[in-house]
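Nothing in this text is a laboratory measurement; each read-out follows from the coordinates by a stated rule. Since the model is a prediction, treat every value here as computed from it, not as a measurement. In this analysis, Cβ positions are derived from the backbone assuming ideal geometry, glycine residues included, and neighbour counts consider all displayed protein chains.
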Amino acid sequence: MKRTLALIAFLALVLAALSPAIALADSATHTYQFHMEHPNISEASNGDRVAVTGMGTFSVHPDSVRGGGTFTHTNAGGSVIGKGTWTATELIEYQSYGCGAVMGNPLPPNFCGGALKMRIVATPGGTNLQIEAILTIFCIVGPNPPNSHDDPSGEGIHLVVPGIINFNKIVEGMNIYIQQS
């Protein structure tokens, strides 16, 4: 009984000692660049597709994002419905997958991955329309991608225009986050 109590007391002390370190790690300030130089393509349930490129920076603790790029929306037959530019307006969430490796292969230590979710405003060319949307960029770099993104086909984007269309099936993608601080 004394051994059990001693073990429980020891584990409680270890957990208490680690808790501040864990809290500090979760609240660390980091700044990253995001790069989507090649079109990241995603498909909606009706067969429409969107191709998105762009770049910018984002920070966590405090959360911020700046950047933008281009988009092209095509129907299931491949005809262009619209194209234009997008601008990031708010960082909603960043879930880090880690840095320095992809599928067990080493990369530079500042090459990172994760799920970057942000609000954007899309402006179709030749119009004054300002379409609010949510863009999520999935980069599978790092040792901890979720099971649904554990191979190269999981890299890409989701784009949701609330109440209008949801491009949530990744067709292809290639992007990277580069940690700056």
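Amide hydrogen proximity for residue 97: with H placed 1.01 Å from N in the peptide plane, the residues at 5 or more positions away or on another chain lying under 5 Å are 113, 114, 115. Near residue 70, once Lys and Arg are set to +1 and Asp and Glu to -1 for all other residues with Cβ below 12 Å from its Cβ, the sum equals 0. Residues 135, 107, 159 in ascending order of nearby Cβ atoms (within 10 Å, fewest first): 107, 159, 135.
Coupling constants for the stretch 164-181 follow from the phi torsions by the Karplus curve (6.51 cos²θ - 1.76 cosθ + 1.60, θ = phi - 60°), and in residue order they are 10, 7, 10, 8, 10, 10, 5, 9, 7, x, 7, 7, 8, 10, 10, 6, 9, 8 Hz; glycine and proline get x. What the phi angles of the stretch 126-135 give under the Karplus curve with 6.51, -1.76 and 1.60, with θ = phi - 60°, is a coupling list of x, 10, 9, 4, 10, 9, 7, 8, 10, 10 Hz, glycine and proline written as x. Whole-Hz Karplus values for the stretch 81-87 come out as 8, x, 8, x, 10, 9, 10 Hz, taken residue by residue from phi with 6.51 cos²θ - 1.76 cosθ + 1.60 and θ = phi - 60°; glycine and proline positions read x. For residue 102, nonlocal amide neighbours, meaning residues 5 or more places apart or on other chains whose placed amide H falls under 5 Å from its own, are 107, 142.
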